[in-house]
Amino acid sequence: MNKAITDGVLLMPPAFAGGLDVWSSQDGTPGSDTYDSDPSAAFVPADADFGGCLELVKTDATQRLRHMGETPLLPGCYLQVRARVKAVSGPLPSLRIAARAGGAGGAHVGGVVEQGPSTTLTSYGEVVEIKAIIGVGARGGVDMVWGAEALYAHIGLDMTGTTGGVVRIDDIIVEDITSAFLRDMLAIVDVRDYGAVGDGVADDLAAFEAADAAANGRTVLVSEGTYFLGDSMTFESRVRFEGTVEMAASDVFALTKDYNLAAYIDAFGDEELAFKKAVQALFDNVDHESLDMEGRRITINAPIDMSAAIGRTAYSTRRHIHNGQFDVKDGAAWDTEVFTSQATYSISNSFTLSGVTNVASIPVGSLVEGSGVGREVYVRAKNVGAQELTISKKLYDADGTQNFTFTRFKYVLDFSGFEDLDRFSLKDIEFRLRGVASGICLAPKGLIFSVENCFFTAPKNRGISSPGEGCQGMLIDRCQFLSDEGQTPSQNRVSIALNANSNDVKLRHNRVVKFRHFAVLGGSGSIISGNHFFQGDGESNGLRLAGIVLTGTNCRATIDGNYIDNCFIEWTNEHDNEPDFASEFSFSQLNISDNIFLASHVAPWFNYIVVKPHGSGHFINGMNVSGNIFRIIGGTIDRVEHVDTSFASFDFSRMKNVNWKDNMYNSVGVATVNPLVKTHEQATESDTWQVSGAPQLPFGGWARKVESVVAEGAIRNSANVRRYEMPYVELNEGAEKDEVHVKWEQAVRGTVVVTMRVDTPV
């Protein structure tokens, strides 16, 4: 690059032959004294070495020569000033290139070096060249670094030393040597060329902005050094980093053309900080909707507070992070915090704990445990002044005052500082949690949080936690949840892959290995499809825990096409603050279809489908169990379904709309079915035939409905005479009310096929 050639910029001062009235003996500014008619200066037209030249007698301690014209100093340009000199007589002086730095409005730019290196003449008649380089940036070889404030120069030289000496000076040459500093001709703009200092103290923001503005399609080079930026910076050009950047946490660093994690790691030199700044830029509209981690593995030393990193508490535009790995490094920052506080719960204020002692110390996102508290209840918000905590779910039996335990797990990505976060997604990321940390804590409120094709390897406590309603419409698709408790007996495990409190959650095609639970779901409308989750251990007759826990009665859920291995489905109402049945739908709208159920070496009382009412009066009010395969290896079980009566039993008199058919059973004692088609052979004459639905009616329920009674062959009386009258039935008979009594006009014998139900179809 040569501005004299490319842009016609006039750099050279005039030859001395043109007159000395434009050559100042002071600083070169307008009105300063000149050498015109000065007896110490004369033009020599025919010097043997120089041709025309200036002869100057040294009369001052520092004899100055400055061109009064303004030589422009353009951003990014470097000027070399040369002059050939020789001593003629008298004391031998020292000479140096010198210039005055001029700024806007003719002001002097202070605080900069305005002299080049000094050369002492050692003999008479010897031609010596003195030179110096003037430029904006502190580049190697630049003698006068003037920064971006200097706009022009009054160029010349100084003579120092003993007075009385006479020297001759050839015409001063000014050359644009910017090309000597370019790494790749015309392709790179260095921030140092625009005044960046790179000492980590001076604010280089203006230089960065100037370099970006001047790049015009070229790449900006951040040369070696540490560059402090005093405010937010947005690069519209491509950037290459040899040095690093420092800035306040609240300031945004946006790379619009090179937006990826690798570029931010280069920029900040620290992986964890780089990730925070990249995400901050993503949410600050860096002109990208996704952050590519470019397959990078970054070491995480402490939980990342995503709200604090981003500087926002609400966001509703799609943002996406993908293609990388978080590798947790052990340390005290991951230690679980546990607090015990007395608090009061009232069913009239069902999402609040009041009168909480030391409420200020309890973090949002803490797990709440205590008497009458269901699983996966979290602190959603707190009001320190009112001594209140808002909790994520209702408590089934905690009315009154008691001591609660609040446990705060530590997550790699913690969104709990948000008030609302919508449409955020993660894809192709591995969380290497090493039994040290948990994975993700969602925001208290939000829509459509999506996690796809991610690995959660060895979480300490949780893979994904929802402390509120930030899980509304959550999508967990094709992820691997790999427990750190594989060698722990099932009943002693504490880690849970995920929980959700809101509706419309989709769990699809995930693989979940040896957690306490796969998912605790407190909302409705869930679709759980195509997953493989297994929770076995090496214990003989080992205990098994629920893989899927549904905590609401009217769950409107579909569990379809899963491989449910050494665990079961548990359906409760443990998040109901008034768990006794009143006027709600009760346990309703659950579809369990086309799943593979497998367990090995379990006790005979193990069951695959367990309903656990926490209050009295409940019943099934809509349930489909069809097309499933139930199998046991290394033993047998009594039946696949069960009502856990730890708190209450069912009201079997109200069972409705239960469809239980077309399932396959291996090593299961009872093949449950509804409607149940039962063939009854009456060998001796009786007017009352007792047809039992036990034990095949679901949950050991009552025989509440008969759809048909069909005779197989003739019905005959004691005289062997065929009888043609129609019988009627009496329902809910027997000690367990699981019998149908077929009533005849007289004592008869024969065979009938009775189709009975545990419910009344709707």
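From (1) under 19 Å from V512 (Cβ atoms); (2) of a type in the set (V, I, T); (3) assigned to a loop (DSSP other than H, G, I, E, B), pick out the condition that doesn't hold for V436.
Evaluating V436 over (1) under 19 Å from V512 (Cβ atoms); (2) of a type in the set (V, I, T); (3) assigned to a loop (DSSP other than H, G, I, E, B) leaves (1) as the failure.
What pairs come out if I take residues in segment 108-121 that are in the same structural domain as I97 (by TED's automatic domain parsing) and pair them with residues that are surrounded by 14 or more Cβ atoms within 10 Å (Cβ to Cβ) and part of a loop (DSSP other than H, G, I, E, B) whose C-beta lies under 6 Å away, six or more apart or interchain?
Close Cβ pairs (under 6 Å, with a partner that is surrounded by 14 or more Cβ atoms within 10 Å (Cβ to Cβ) and part of a loop (DSSP other than H, G, I, E, B)) amount to V109/G103; V109/E149; V109/A150; V112/W146; G116/D143; L121/L92.
Only residues that are among the aliphatic types (A, V, I, L, M) and under 11 Å from A87 (Cβ atoms): list them for segment 153-168, please.
Across segment 153-168, the qualifying residues are M159, V166, V167.
Could you check G269 against (1) under 22 Å from F181 (Cα atoms); (2) under 22 Å from the mean Cα position of the chain (by Cα) and say which number it fails?
Unmet for G269, out of (1) under 22 Å from F181 (Cα atoms); (2) under 22 Å from the mean Cα position of the chain (by Cα): (1).
Could you go through segment 323-342 and let me know if any residue there is among the aliphatic types (A, V, I, L, M) and either within 23 Å of G470 (Cα to Cα) or in contact with a Gly (Cβ under 6 Å, 6 or more places away or on another chain) (or both).
No, that holds for no residue.
Every residue, every condition in (1) surrounded by 19 or more Cβ atoms within 10 Å (Cβ to Cβ); (2) in contact with a strand residue (DSSP E or B) (Cβ under 9 Å, 6 or more places away or on another chain), yes or no:
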{"position": "Q26", "(1), (2)": "no, yes"}
{"position": "D33", "(1), (2)": "no, yes"}
{"position": "S37", "(1), (2)": "no, no"}
{"position": "P45", "(1), (2)": "no, yes"}
{"position": "D49", "(1), (2)": "no, yes"}
{"position": "L54", "(1), (2)": "yes, yes"}
{"position": "K58", "(1), (2)": "yes, yes"}
{"position": "Q63", "(1), (2)": "yes, yes"}
{"position": "H67", "(1), (2)": "yes, yes"}
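Out of curiosity, is P91 in contact (Cβ under 8 Å) with a residue 40 or more places away in the chain and surrounded by fewer than 15 Cβ atoms within 10 Å (Cβ to Cβ)? Lay out the reasoning, then the answer.
Numbers: in contact (Cβ under 8 Å) with a residue 40 or more places away in the chain: yes; surrounded by fewer than 15 Cβ atoms within 10 Å (Cβ to Cβ): yes.
Answer is yes for this residue.
Could you check N492 against (1) surrounded by fewer than 19 Cβ atoms within 10 Å (Cβ to Cβ); (2) more than 23 Å from R408 (Cα to Cα); (3) of a type outside the set (D, E, K, R) and say which number it fails?
Among (1) surrounded by fewer than 19 Cβ atoms within 10 Å (Cβ to Cβ); (2) more than 23 Å from R408 (Cα to Cα); (3) of a type outside the set (D, E, K, R), N492 violates only (2).
For F235, state whether it is within 24 Å of I304 (Cα to Cα) and more than 23 Å from the chain's Cα centre (by Cα). Explain how you work it out, then say what you get.
Details: within 24 Å of I304 (Cα to Cα): no; more than 23 Å from the chain's Cα centre (by Cα): yes.
So F235 fails the test.
Restricting attention to segment 449-491, which residues are assigned to a loop (DSSP other than H, G, I, E, B), of a type outside the set (S, T, N, Q), over 26 Å from S600 (Cα atoms) and over 14 Å from the mean Cα position of the chain (by Cα)?
K460, P467, G468, G473, M474 - these are the residues of segment 449-491 that are assigned to a loop (DSSP other than H, G, I, E, B), of a type outside the set (S, T, N, Q), over 26 Å from S600 (Cα atoms) and over 14 Å from the mean Cα position of the chain (by Cα).
Could you tell me how many of the residues in segment 211-238 are closer than 20 Å to D199 by Cβ and either among the aliphatic types (A, V, I, L, M) or not in a loop (DSSP other than H, G, I, E, B) (or both)?
Filtering segment 211-238 down to residues closer than 20 Å to D199 by Cβ leaves 211, 220-231, 233.
From what's left, either among the aliphatic types (A, V, I, L, M) or not in a loop (DSSP other than H, G, I, E, B) (or both): 211, 220-222, 226-229, 233.
Residues in segment 211-238 being closer than 20 Å to D199 by Cβ and either among the aliphatic types (A, V, I, L, M) or not in a loop (DSSP other than H, G, I, E, B) (or both): 9 in total.
Looking only at residues in segment 88-131 that are of a type in the set (D, E) and not in a strand (DSSP E or B), which one is nearest to D143 (Cα to Cα)?
Keep residues of segment 88-131 that are of a type in the set (D, E), which gives 114, 126, 129.
With the extra rule that they be not in a strand (DSSP E or B), the set shrinks to 114, 126.
On the way: E114: 9, E126: 25 Å.
Restricting to residues being of a type in the set (D, E) and not in a strand (DSSP E or B), the top hit is E114.
Anything in segment 238-253 that is surrounded by 21 or more Cβ atoms within 10 Å (Cβ to Cβ) and farther than 19 Å from I304 by Cβ? List them, or say none.
The answer is V239, F241, V245.
Applying the selection to segment 110-138, what residues are farther than 22 Å from P30 by Cα, buried (at least 17 other Cβ atoms within 10 Å of the Cβ) and of a type in the set (D, E, K, R)?
Once the filter is applied, which keeps residues that are farther than 22 Å from P30 by Cα, buried (at least 17 other Cβ atoms within 10 Å of the Cβ) and of a type in the set (D, E, K, R), segment 110-138 yields only K131.
Residues Y259, Y264: which one is part of a loop (DSSP other than H, G, I, E, B) and touching a residue at least 12 places away in the same chain (Cβ under 8 Å)?
Y259
Could you figure out which of (1) of a type outside the set (F, W, Y); (2) more than 56 Å from the chain's Cα centre (by Cα); (3) part of a loop (DSSP other than H, G, I, E, B); (4) crowded, with 20+ Cβ neighbours inside 10 Å isn't true of A703?
All conditions are met except number (2).
Residue-wise test of (1) farther than 20 Å from A153 by Cβ; (2) without any contact (Cβ under 8 Å) to a residue 40 or more places away in the chain.
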residue	(1), (2)
M12	no, no
G19	yes, yes
D27	no, no
F43	yes, yes
E55	yes, no
T71	no, no
L74	no, no
Q80	no, no
V85	no, no
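Determine if segment 391-404 includes at least one residue that is surrounded by 24 or more Cβ atoms within 10 Å (Cβ to Cβ), closer than 24 Å to A333 by Cβ and of a type in the set (S, T, N, Q).
no
Listed here are the residues, each with its yes/no results for (1) assigned by TED's automatic domain parsing to the domain that holds W571; (2) crowded, with 19+ Cβ neighbours inside 10 Å; (3) touching a His at 6+ places or on another chain (Cβ under 9 Å); (4) not small (G, A, S).
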| position | (1), (2), (3), (4) |
| --- | --- |
| T357 | no, no, no, yes |
| I362 | no, yes, no, yes |
| S366 | no, yes, no, no |
| E369 | no, no, no, yes |
| G385 | no, no, no, no |
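Of the residues in segment 335-349, how many are assigned to a strand (DSSP E or B) and either surrounded by 14 or more Cβ atoms within 10 Å (Cβ to Cβ) or over 27 Å from the mean Cα position of the chain (by Cα) (or both)? Spell out how you get there, then give the answer.
Filtering segment 335-349 down to residues assigned to a strand (DSSP E or B) leaves 337-345.
Now drop any that are not either surrounded by 14 or more Cβ atoms within 10 Å (Cβ to Cβ) or over 27 Å from the mean Cα position of the chain (by Cα) (or both), which leaves 339-345.
The total comes to 7.
Residues to consider are G417, G372, G385; find the one that is without any contact (Cβ under 8 Å) to a residue 60 or more places away in the chain, in contact with an Asp or Glu (Cβ under 6 Å, 6 or more places away or on another chain) and part of a loop (DSSP other than H, G, I, E, B).
One residue alone meets the criteria, G372.
Looking for something among the hydroxyl-bearing types (S, T, Y) and either within 27 Å of I629 (Cβ to Cβ) or modelled with pLDDT of 95 or more (or both) - is there at least one such residue anywhere in segment 574-584?
Within segment 574-584 (the criterion being among the hydroxyl-bearing types (S, T, Y) and either within 27 Å of I629 (Cβ to Cβ) or modelled with pLDDT of 95 or more (or both)), the answer is no, since none of the residues qualifies.
Take the residues of segment 272-294 that are surrounded by fewer than 19 Cβ atoms within 10 Å (Cβ to Cβ) and in a loop (DSSP other than H, G, I, E, B): which is farthest from the chain's Cα centre (by Cα)?
D287
For D199, all conditions in the list (1) crowded, with 17+ Cβ neighbours inside 10 Å; (2) within 16 Å of R139 (Cβ to Cβ) hold save one; what is the number of the exception?
Of the numbered conditions (1) crowded, with 17+ Cβ neighbours inside 10 Å; (2) within 16 Å of R139 (Cβ to Cβ), the odd one out for D199 is (1).
Report the residue count in segment 449-487 for those that are within 28 Å of T313 (Cβ to Cβ) and either charged (D, E, K, R) or touching a residue at least 60 places away in the same chain (Cβ under 8 Å) (or both).
Result for segment 449-487: 10.
So I559 fits all but one of (1) in contact with a helix residue (DSSP H, G or I) (Cβ under 9 Å, 6 or more places away or on another chain); (2) surrounded by 20 or more Cβ atoms within 10 Å (Cβ to Cβ); what number is the exception?
Against the list (1) in contact with a helix residue (DSSP H, G or I) (Cβ under 9 Å, 6 or more places away or on another chain); (2) surrounded by 20 or more Cβ atoms within 10 Å (Cβ to Cβ), I559 comes up short only on (1).
Any chance segment 169-178 includes a residue that's over 48 Å from the mean Cα position of the chain (by Cα), assigned by TED's automatic domain parsing to the domain that holds P72, more than 12 Å from V81 (Cα to Cα) and crowded, with 22+ Cβ neighbours inside 10 Å?
Among the residues of segment 169-178, at least one is over 48 Å from the mean Cα position of the chain (by Cα), assigned by TED's automatic domain parsing to the domain that holds P72, more than 12 Å from V81 (Cα to Cα) and crowded, with 22+ Cβ neighbours inside 10 Å, which makes the answer yes.
The values are calculated or read from the model by the stated rules, or taken from the named source; none is laboratory data. All of these numbers come straight from a predicted model, not from anything done at the bench. Virtual Cβ from ideal backbone geometry, glycine too; neighbours counted across all protein chains shown.
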